[in-house]
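Notes follow once the structure below has been shown.
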Amino acid sequence: MLSLVTVGMSLLPLKALTAEEIQLKSIEQQDNCMVIKEDTNQTPLLNIPNMGQISQSCSQIANRLQAEINKNNLEDLILIADTIGRRWKICMVRNANSRCKNSNVLLDFPPEAESNPQQFLSSILDIETVIELNGFEGQQTPRKPYSKFGKAIKRPNR
């Protein structure tokens with residue numbers, strides 16, 4: 001009996017370390033970029049208009065997102081709208097209070113979208129997710145909109 005318990009306990013860490021395999025694909029049509037999850041339903045994740053107005057290509061966005069998804073703790077992955085200098089970006093972070101850095105930028109905002117970062121972030125997400133704001137009203141630094149993107153990806157397909 002004791003050996004069965006020991007064997008069962010030793011298998012738990014191996015199962016926890018096994019990562020879920022998620023593969024992304026980029027589809028560019030006219031001036032739009034769609035990033036989809038290659039599964040049986042080809043689940044759309046991002047739909048980005050006006051690609052000619054941002055510096056990243058559709059395949060660069062899909063590749064950066066794929067690299068971040070391949071890291072541990074997919075469920076903690078957050079897309080956040082924040083600024084670097086005076087330009088708005090969408091960045092990939094693991095905590096809603098994290099900041100954008102050049103190393104975690106997913107994509108730039110088109111210039112006309114910079115006036116409403118919350119609306120832009122919401123408009124490019126093709127998966128069901130809630131846009132939240134970090135911080136609190138009245139704070140000195142502006143509140144940044146974010147999406148718990150990893151949790152939304154891990155939800156079963158409907």
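Evaluate the distance, in nm, between pseudo-label points positioned 7 Å from the Cα of residue 40 and of residue 132 along their respective Cα→Cβ axes.
For the pair residue 40/residue 132, the computed spacing is 3.1 nm.
Of the listed peptides 26-32, 114-120, 144-150, what is their order by residue-averaged count of other C-beta atoms within 10 Å, with the highest listed first?
On the way: 26-32: 12.9, 114-120: 15.7, 144-150: 22.9.
Output ranking for 26-32, 114-120, 144-150: 144-150, 114-120, 26-32.
Given a Förster distance of 25 angstrom, what is the FRET efficiency for residue 30 paired with residue 115, based on the Cβ-Cβ distance and rounded to 0.05? All intermediate terms of the calculation are to be shown ahead of the outcome.
Numbers: r = 24 Å, r/R0 = 0.97.
Rounded to the nearest 0.05, the efficiency is 0.55.
How many percent of the accessible area of the range 31-149 is carbon or sulfur, using a 1.4 Å probe?
Roughly 43 percent, rounded to a whole number.
Taking only C-alpha pairs under 8 Å that are 6+ residues apart, what is the relative contact order of the range 24-133 in percent?
Numbers: 179 pairs, mean separation 24.5, N = 110.
Dividing the mean separation by the residue count of the range 24-133 yields 22 percent.
Quick one: go through the range 52-91 and flag any residue whose amide nitrogen is under 17 Å from the point 7 Å out along the Cα-to-Cβ line of residue 102.
Under cut-off, by backbone N: 55-56, 83-91.
So, by mean Cβ neighbours within 10 angstrom, what's the order for 36-45, 76-85 with the highest one leading? Could you put the intermediate results ahead of the total?
On the way: 36-45: 13.9, 76-85: 19.2.
In decreasing order of mean packing, 36-45, 76-85 become 76-85, 36-45.
Keeping every protein chain present and rolling a 1.4 Å probe, give me the accessible area per residue for the range 24-133 in Å². Walk me through the numbers on the way to the answer.
Working: 5650 Å² over 110 residues.
About 51 Å² of surface per residue is accessible.
The values are calculated or read from the model by the stated rules, or taken from the named source; none is laboratory data. All figures in this text were calculated on a predicted structure; none of them were measured in a lab. Reconstructed Cβ throughout: ideal geometry from the backbone, glycine too, with neighbour counts over all protein chains shown. Accessible surface areas use protein heavy atoms only, side chains included; no ligands, DNA or RNA. Shrake-Rupley method; radii C 1.70, N 1.55, O 1.52, S 1.80 Å.
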